[in-house]
1. State all residues of the range 66-82 that are surrounded by fewer than 20 Cβ atoms within 10 Å (Cβ to Cβ) and not acidic (Asp, Glu); if no residue qualifies, say none.
2. Residues of the range 153-188 being in contact with a Phe, Trp or Tyr (Cβ under 9 Å, 6 or more places away or on another chain) and either at pLDDT below 95 or among the basic types (Lys, Arg) (or both), which ones?
3. What are the residues in the range 95-126 that are open to solvent by 60 Å² or more (accessible area, probe 1.4 Å) and within 18 Å of GLY41 (Cα to Cα), if any?
4. Under 9 Å between Cβ atoms, which residue pairs at least 6 apart in sequence (or on different chains) link something in the range 67-95 that is within 17 Å of ALA39 (Cα to Cα) with a partner that is open to solvent by less than 30 Å² (accessible area, probe 1.4 Å) and hydroxyl-bearing (Ser, Thr, Tyr)?
5. So, ALA147, is that one of a type outside the set (Asp, Glu) and at pLDDT 95 or above or not?
6. Could you please find all residues in the range 44-65 being open to solvent by 60 Å² or more (accessible area, probe 1.4 Å) and either among the aromatic types (Phe, Trp, Tyr) or at pLDDT below 95 (or both)?
7. Working only within the range 127-181, note down all residues that are assigned to a helix (DSSP H, G or I), closer than 21 Å to ARG19 by Cα and either free of Cβ contacts under 8 Å to residues at least 12 places away in the same chain or open to solvent by 50 Å² or more (accessible area, probe 1.4 Å) (or both).
8. Counting only residues that are hydroxyl-bearing (Ser, Thr, Tyr) and surrounded by 12 or more Cβ atoms within 10 Å (Cβ to Cβ), how many does the range 19-41 have?
Amino acid sequence: PLGWRLGHRVGTNAADGPRYYMACLNIDGRSALVVGGGAVGLEKTEGLLRAGADVVVVAPEVAPEVRALDVRVVERCYRASDLDGQMLAIAATADNDVNEQIYADAEERGLFCNVADVPELCSFILPAIHREDLILVAVSTSGASPALAQRLRADIARVVTPEHAELARRLRDLRPWAKRTFSTYEERRDYFQALVEEALS
């Protein structure tokens with residue numbers, strides 16, 4: 001089995017690592033900080049922009065690809081005050097000391113912080129995402145293996161199609177009518193489950 005080939009048994013106790021609470025955050029119009037202007041910072045910034053965030057990028061050197069984005073660039077070294085007014089922060093620098101300081105400053109302020117590729121310095125981690133219009137599928141290995149999460153995302157991308165996205169839009173448009181028509185949650189749930197089964201059977 002795969003577990004033995006990797007040199008240890010598959011299946012560890014949940015106490016071995018964080019038990020993450022998965023959620024979809026509405027960050028549209030909210031401010032987010034990215035510290036780092038290189039390739040990793042670019043990737044994180046693009047993800048935040050796709051969700052509608054107002055992004056501030058702080059770095060002493062900023063790649064042209066980052067400058068071309070709709071962000072506010074502050075070209076200097078990180079300061080703790082950069083966290084003021086932010087909803088969340090992402091540390092994407094090549095300097096471990098700076099990344100650790102960003103995390104510590106964010107913890108002190110009660111802000112969510114992600115340090116790229118260092119799960120132990122994250123109060124939130126970023127799953128591998130597949131988007132199909134309204135449909136958003138997130139895959140996480142709890143930081144154990146981004147490569148595995150990316151492979152699973154690719155597998156899911158072959159299953160979730162534009163047909164599903166169109167169905168999601170039609171079902172969304174029916175929700176106001178269903179709330180007026182069915183008096184209980186259970187009735188609405190059963191109605192929509194029947195529609196989904198009919199559409200995808």
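The values are calculated or read from the model by the stated rules, or taken from the named source; none is laboratory data. Predicted model only: the values in this text are computed from it and were never measured. Don't worry about glycine lacking a Cβ; one is built from the backbone with ideal geometry, like all the others, and counts go over all protein chains shown. All accessible areas refer to the heavy atoms of the entire protein, side chains included, with ligands and DNA or RNA removed. Shrake-Rupley method; radii C 1.70, N 1.55, O 1.52, S 1.80 Å.
1. Within the range 66-82, ARG67, ALA68, LEU69, ARG72, VAL73, VAL74, ARG76, CYS77, ARG79, ALA80, SER81 meet the criteria.
2. Selection gives ARG175, ARG188.
3. ASP95, ASN96, ASP97, GLU100, GLN101, PHE112, ASP117, LEU126
4. Qualifying pairs under 9 Å: LEU69/THR45; VAL71/THR45; ILE90/THR45; ALA92/THR45.
5. The answer is no for ALA147.
6. If the condition is that a residue be open to solvent by 60 Å² or more (accessible area, probe 1.4 Å) and either among the aromatic types (Phe, Trp, Tyr) or at pLDDT below 95 (or both), then ARG50 is the only one that fits.
7. Hits for the range 127-181 are PRO146, ALA147, LEU148, GLN150, LEU152, ARG153.
8. Taking the range 19-41 first, the residues hydroxyl-bearing (Ser, Thr, Tyr) are 20-21, 31.
If we keep only those that are surrounded by 12 or more Cβ atoms within 10 Å (Cβ to Cβ) too, we end up with 20, 31.
Residues flagged as hydroxyl-bearing (Ser, Thr, Tyr) and surrounded by 12 or more Cβ atoms within 10 Å (Cβ to Cβ) within the range 19-41 amount to 2.
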